[in-house]
Amino acid sequence: MSLASSSYSYPLLGAFWTIFEIFLWVIWFWILITVFIDIFRSHDLSGWAKALWFIFVLFIPLIGVLVYLIARGGKMHERSVRDQQQADREFRSYVQETASSATPADQLARLADLRDRGVISAEEFNREKAKILA
């Protein structure tokens, strides 16, 4: 069997169809995992409701995911946005806390270095020094 005849048995359209099917499977598993994550992260569901949703989505996946997205899709988005905003606030507070952890002595040393290099004038140095020491 030559290479030309074997390549003809798998046409280009078949390759595109296979790629499309793989893409749909990846999307399906992504949605399924996202729904399971949302079920367990949801604070407004009781333990029994979480168990029922889990069983429903596990045993009847297509219908369960569609019903879950229709019934709780809006809340799912709201929780996701709220969690992202909380993570962003925590990150920003961490960065601000870390960046501003310099002691007054460190700040004065930096100011003196800037003054010595001629970046700031003596009066700017004195003004900033007064702010730090106040």
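Key figures
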{"read-out": "The range 14-34 and the range 76-97: distance between their alpha carbon centers, rounded to Å", "value": "31 Å"}
{"read-out": "Å² per residue, accessible surface of the range 16-94 at 1.4 Å", "value": "78 Å²"}
{"read-out": "GLN84/ILE27 FRET efficiency (R0 22 Å; Cβ-Cβ; nearest 0.05)", "value": "0.55"}
{"read-out": "Pairwise FRET efficiency - PHE40 versus ASP106, Cβ, R0 = 41 Å, nearest 0.05", "value": "0.35"}
{"read-out": "Nearest-ten-degree value, helix 12-41 long axis tilted from longest Cα axis of the chain", "value": "60 degrees"}
{"read-out": "On Cα atoms only, tilt of 104-117 relative to the major axis of the chain in degrees", "value": "80 degrees"}
{"read-out": "Backbone HN-Hα couplings from phi across the range 65-82 [Karplus 6.51/-1.76/1.60, Hz, Gly and Pro as x]", "value": "5, 4, 5, 4, 5, 6, 6, 10, x, x, 5, 4, 5, 4, 5, 5, 5, 4"}
{"read-out": "Residue-span extension gain [ILE55 to ALA130] - 0.36 nm each, minus C-alpha spacing", "value": "20.4 nm"}
{"read-out": "Mean Cα-pair separation over length for the chain, i.e. relative contact order, pairs under 8 Å, 6 or more apart, %", "value": "13 percent"}
{"read-out": "Surface share of carbon and sulfur [accessible, 1.4 angstrom probe, percent] for the range 19-96", "value": "72 percent"}
{"read-out": "Segment TRP48-PHE16, length gained on full extension (0.36 nm per residue, minus Cα span)", "value": "7.1 nm"}
{"read-out": "P(r) tail fraction, the chain - alpha-carbon pairs more than 17 Å apart, %", "value": "76 percent"}
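The values are calculated or read from the model by the stated rules, or taken from the named source; none is laboratory data. Because the structure is a prediction, the values reported are computed rather than measured. Ideal geometry is used to build each Cβ from the backbone, glycine not excepted, and the neighbour counts take in all protein chains shown. When the accessible area is computed, the model is the full protein with side chains, heavy atoms only, and any ligands, DNA or RNA have been set aside. Shrake-Rupley method; radii C 1.70, N 1.55, O 1.52, S 1.80 Å.
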